[in-house]
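Derivation of every value follows stated rules applied to the coordinates shown; laboratory data play no part. The shown structure was predicted, so the numbers you read here are calculated from the model rather than taken from an experiment. Heads up, the Cβs are rebuilt from the backbone with ideal geometry, glycines too, and the neighbour counts pull from every protein chain shown.
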Amino acid sequence: MTSRKATARAHPNIALVKYWGKRDAALVLPHQSSFSVTLAPLEVTTTVELDAGPSRVELNGREATGAERDRVLALVNLVAHEAGRPLGGVRVVSRGNFPMAAGLASSAAGFAALARATRAAAGLPDDVARTSRLARAGSGSAARSVQGGFCTWQRGQRPDGEDSFATQDFPESHWPELRLLACVVSGAEKDVSSRDGMAATVETSPYYRAWVEDAEAEVPRARDAVRRRDLAALGVLAERNAWRMHATALAAEPPCCYLRPGTLAVVLALPGARAKGCPVYFTLDAGPNPVLLTTAEHVARVEALARAAGASDVLRCAPGGDARLVDGALF
């Protein structure tokens, strides 16, 4: 059988209403819906070749092993099941253009690109919902990186997860002046992974049920703020949701604390900046590095503020586009 190869590129995303906790760990089904924006020019490029001999997986220049490799090959096996035929050995090479320490989930972009490329290499037709469900199986937040702009990952109701995938609410062109700055305050590896932190929070935090109800209710409010391009409304909501997620994790047993002194130095500088007329707000995933929301005209001022507060690096981003097939394979 001749080899089949495809290459895809996808952006990471940052959740403005967070995903935190699985109702089904095996199928990666969330307890609540979430809402995000993709981030350009950050991207991961992935080349997949099927029928390539012994399976090999290379991530950012190193050979993947153990659970990391298994997650990639498990996704390929799901494509084989959809295609109704074995796909043979697979070679996967994936590279990102942004530092892992930025606090932006490279796995979201990586699995979105992997899902897009593997389905194309297998000759399956383009299907956004199927690709989003497939990406979700590799990493939950990857469901939101299949399309660009602003997306909602629906929690769904079905036990098989067929109704749990992301849909685009607004394309990246909807809010061209929006800017998001990823602020690196710590490059240290997390003491507790997001996966383990989620599980501990679901199982032991007394606040978890309230978190689920509150986060689900915030999604339509976030969509409305984006529809109106209302930075203040979206920023207040994003900050509120981030604080509540971290409060819920802090209440787990043992506590899951992702905040660091540098985190607080940056986020606590924002109210003073707003009082002086600079529109800037934060969101924060399960890690120490905040992402700041502002507009294009205030980017330089916000970056200076973040660096003055102790950020060692600041990545300037804007809403990005869809995961897409590209020319120029990585091997």
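Potential lengthening of the chain between Arg274 and Phe331 amounts to 15.7 nm, from the contour at 0.36 nm per residue minus the alpha-carbon distance. Lys5: which aspartates and glutamates have alpha carbons under 14 Å from its alpha carbon, excluding same-chain residues fewer than 8 sequence positions away? Qualifying aspartates and glutamates at Cα under 14 Å: Glu49, Asp51, Asp327. Charge dipole (Cα centre; +1 on Lys/Arg Cβ, -1 on Asp/Glu Cβ; no other charges) of segment 178-319 amounts to roughly 640 debye.
A simple spin-label model places pseudo-atoms 7 Å from Cα toward Cβ; at Asp127 and Asp51 they are separated by 2.2 nm.
Between Asp224 and Tyr207, the contour length at 0.36 nm per residue exceeds the Cα-Cα span by 3.5 nm.
The peptide list 145-152, 73-80, 129-136, put in order of mean Cβ contacts within 10 Å with the highest first, becomes 145-152, 129-136, 73-80. For segment 25-52, the residues whose amide N sits under 16 Å from a probe point set 7 Å from the Cα of Arg240 along the beta carbon direction are 35. Where both bridge residues fall in the chain, DSSP classifies roughly 90% of the beta bridges as antiparallel. Note: relative contact order over the chain, using C-alpha pairs below 8 Å and six or more positions apart, is 26 percent. From the coordinates of this entry, Cα extents along the principal axes in Å is computed, and it appears in [x] 70, 44, 32; [y] 65, 41, 37; [z] 78, 51, 47 under the label [y].
Using a cutoff of 8 angstrom between alpha carbon atoms and counting only pairs six or more residues apart, the relative contact order for segment 40-187 works out to 23 percent. Projecting the Cα atoms of Thr201, Ser312, Leu50 onto the dipole axis of the chain, where Lys and Arg carry +1 and Asp and Glu carry -1 at the beta carbon, places Ser312 farthest toward the positive end.
Report, in deg cm²/dmol and to the nearest 500, the calculated mean residue ellipticity at 222 nm for the chain, where each DSSP H run with n ≥ 4 adds -39500 (n - 2.57) and the sum is divided by the residue count.
-11500 deg cm²/dmol
Our estimate of slack between His81 and Glu162, defined as 0.36 nm per intervening residue step minus the Cα-Cα distance, is 27.7 nm.
Taken about its Cα centre, the chain carries a charge dipole of roughly 320 debye when the Cβ of each Lys and Arg holds +1 and the Cβ of each Asp and Glu holds -1. Give me the angle, in degrees from 0 to 90, between the Cα long axis of helix 194-204 and the longest principal axis of the Cα atoms of the chain, rounded to the nearest 10. Rounded to the nearest ten degrees, it is 70. Could you tell me whether segment 4-100 comes out rounded, prolate or oblate from its Cα gyration tensor? Rule is a ≥ b ≥ c as square roots of the eigenvalues, rounded for a/c under 1.5, then prolate if a/b exceeds b/c, otherwise oblate. Oblate, because a/c is 1.5 or more while a/b does not exceed b/c.
Counting other Cβ atoms within 10 Å as a rough exposure proxy, the listed residues Val92, Val72, Val128, Val314 run Val128, Val314, Val72, Val92 from fewest neighbours to most.
By its C-alpha gyration tensor, with a ≥ b ≥ c as the square roots of the eigenvalues, how is segment 118-242 shaped: rounded for a/c under 1.5, else prolate for a/b larger than b/c, else oblate? It comes out rounded by the Cα gyration axes.
If you take the Cα centroid of segment 122-193 and the Cα centroid of segment 33-97, the two points sit 16 Å apart.
Under the classification rounded if a/c is under 1.5, otherwise prolate if a/b is larger than b/c and oblate if not, where does segment 179-331 fall, given a ≥ b ≥ c as square roots of the Cα gyration tensor eigenvalues? It is rounded, given that a/c, with a ≥ b ≥ c, falls under 1.5. Listed by chain and number, the lysines whose alpha-carbon sits under 19 Å from that of Lys190, ignoring those within fewer than 8 places in the same chain, are Lys18.
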